Amino acid sequence: MVYPRPWRSARPTVLTGPSSTVGKVRDPSASPSRLLTRDRWNSTCRPRKAEATDTADLRLLVLPDLHLDRWIAAGRDPLDHLTPDDFAGVDLCILGGDLTNEAINRWPRVFGWLAERVEPSKTFAFEGNHDYYFASIDDRGRHAEIAAAHGVGYAQMGEIVRGDHRFLCTTLWTNFELHGDPRGAMVAAERLMNDYTMIRAATDDHSRLRPEHTARIHVRHRAWLEAKLTEDFDGETTVVTHHAPHRSCVPPAVANGPAYASDLSKMIEQYRPARWLYGHTHIPHRTTVGVTDLRCCSVGYPYEDSRGRLPSRQDVIVLPQPHRRSS
Ligand SMILES: [Fe+2]
Ligand SMILES: [Fe+2]
């Protein structure tokens with residue numbers, strides 16, 4: 001793969017238009033105002049071969065922490081372990097945050113790069129912390145517009161339905177309560193985490209982002225997720241978040257653990273999603289909480305790969321057709 005270099009040669013895309021799509025998941029092939037529903041998928045998005053039918057497996061590619069700017073700068077391809085046949089078989093690709101730094105200028109390059117591998121109409125994206133760098137935490141309306149301009153769905157607090165599978169997507173952030181001292185964790189995070197120097201809060205007089213801001217966003221994202229999990233769904237639920245949902249995701253020795261994970265054990269065990277896929281930690285981890293398969297899918301930085309810190313490259317996940325409760 002030959003990369004155009006340097007990264008800065010990518011021209012910013014200036015986009016105009018309404019930001020009314022924020023918080024909704026759109027079928028990129030549809031008119032902007034129409035939401036993607038199971039009926040619409042089954043009736044209007046009939047894809048090639050037998051995918052997303054009542055009997056076919058669903059082939060899922062979840063890629064949090066792609067950090068494509070870093071890989072391009074290193075002259076490397078983070079997905080060079082996947083073949084053209086692997087990409088051709090993907091039914092759904094979810095970019096789970098940290099696509100790059102500086103989303104407004106760099107997401108167009110990410111979507112162009114990925115479009116050479118996966119059809120944009122099968123791709124959805126939402127932000128991690130890095131996507132807000134050099135900009136405002138309140139820019140997600142612009143991010144939705146950029147995604148739409150490239151035929152990609154925007155999935156911040158978004159539900160994607162494919163046959164008998166649903167995917168609930170949100171950044172999540174954290175509540176800083178992982179070690180039982182949220183005040184101390186916030187002070188440490190503000191001192192040590194780049195998020196609180198690289199991001200501003202436009203709705204708070206363009207001040208520096210503070211842990212109090214992200215803790216409030218966590219409450220909003222978590223409330224949305226819990227409301228969705230209470231809705232009846234006759235199929236299988238997969239949660240996709242950028243930040244981690246369980247204390248096992250972060251070793252105790254990791255500084256700033258409360259900025260990487262919240263302990264949502266009760267939510268996981270109460271609502272029993274089939275799986276919860278996350279990123280942000282860049283730490284390979286897989287466990288079971290209750291009946292839920294919990295898995296870190298971080299792609300990570302190229303230097304982490306070179307040092308063997310990411311021993312398992314992210315592969316296509318094959319989801320069998322779930323058993324219907326009412327069939
Ligand atoms: Fe990351
Ligand atoms: Fe992150």
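The values are calculated or read from the model by the stated rules, or taken from the named source; none is laboratory data. Treat the numbers as computed from the prediction; the structure is a model and nothing was measured. Virtual Cβ from ideal backbone geometry, glycine too; neighbours counted across all protein chains shown.
If E145 passes every condition in (1) assigned to a helix (DSSP H, G or I); (2) under 21 Å from D86 (Cα atoms); (3) more than 16 Å from ligand 2 (Cβ to nearest atom) but one, which one does it miss?
Status for E145: all satisfied but (2).
Show the residue pairs meeting these rules: Cβ distance below 6 Å; 6+ apart or different chains; first residue within segment 261-282 and surrounded by 17 or more Cβ atoms within 10 Å (Cβ to Cβ); second residue in a helix (DSSP H, G or I) and of a type in the set (K, R).
D263/R247
Name the one entry in A103, A73 that is under 20 Å from T170 (Cα atoms), modelled with pLDDT of 95 or more and within 16 Å of ligand 1 (Cβ to nearest atom).
Every option except A103 fails the conditions.
All but one of (1) more than 20 Å from A244 (Cα to Cα); (2) among the β-branched types (V, I, T); (3) at pLDDT below 95 hold for V161; which doesn't?
(3)
Would you mind stating whether A115 is over 15 Å from L60 (Cβ atoms) and either among the hydroxyl-bearing types (S, T, Y) or more than 16 Å from ligand 1 (Cβ to nearest atom) (or both)?
Considered against the rule, which asks whether it is over 15 Å from L60 (Cβ atoms) and either among the hydroxyl-bearing types (S, T, Y) or more than 16 Å from ligand 1 (Cβ to nearest atom) (or both), A115 comes out as yes.
Taking only segment 204-230 into account, find how many residues are modelled with pLDDT of 95 or more and farther than 20 Å from A185 by Cβ.
8
Got a sec? Which of F111, F167 is among the aromatic types (F, W, Y), part of a helix (DSSP H, G or I) and under 28 Å from F87 (Cβ atoms)?
F111
Tell me, which residue of segment 219-269 that is assigned to a loop (DSSP other than H, G, I, E, B) and farther than 19 Å from P182 by Cα is nearest to ligand 2 (Cβ to nearest atom)?
Once the filter is applied, the top-ranked residue is H242.
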